[in-house]
1. Please enumerate the residues belonging to the range 77-90 that are over 14 Å from the mean Cα position of the chain (by Cα) and either of a type in the set (D, E, K, R) or surrounded by 11 or more Cβ atoms within 10 Å (Cβ to Cβ) (or both).
2. Considering the range 64-103 alone, what residues qualify as being modelled with pLDDT of 95 or more and in a strand (DSSP E or B)?
3. Which count do you get for residues in the range 4-55 that are buried (at least 17 other Cβ atoms within 10 Å of the Cβ), in contact with a Gly (Cβ under 7 Å, 6 or more places away or on another chain) and at pLDDT 95 or above?
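The values are calculated or read from the model by the stated rules, or taken from the named source; none is laboratory data. Note that the structure is predicted; figures quoted are calculated from it, not measured. Cβ sites come from the backbone with ideal geometry, for glycine too, and all protein chains shown count toward neighbours.
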Amino acid sequence: MKRKFLKFGLLFFVISFISCDGFSGMDGIVKDSETGQVLEGVKVEMTSHYKTINTVTNELGEFYASHMYSCGIIKCTECFTIKFEKDGYENLELKDCYRGDKVVIELIKLESE
């Protein structure tokens, strides 16, 4: 009985150390592709295997759509889909994997008719 308990304890200990934690998503700034001005009020939706984050860019054009996750002993994935939407601009959808650096996203203004 003591051996069985010891084996179970050792197995639990090993599994605890091989679990992985990681980050997914993206943080950055959204700008107008033509003028370079930051864009406030851009809707941002980041969807990963672990979570969906909906946010809006602030007055500096900044958005924060990344998160930490724990995936246990299964294969971790840091990849995600992120969408940017603002009236008067083309929608943008990207599929990417977490890199940890802040990015600059440039949206293209729609041509007026």
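1. Listed by number, the residues that qualify are GLU85, LYS86, ASP87, TYR89, GLU90.
2. Selection gives LYS83, PHE84, GLU85, TYR89, LEU92, GLU93.
3. Number of matching residues: 5.
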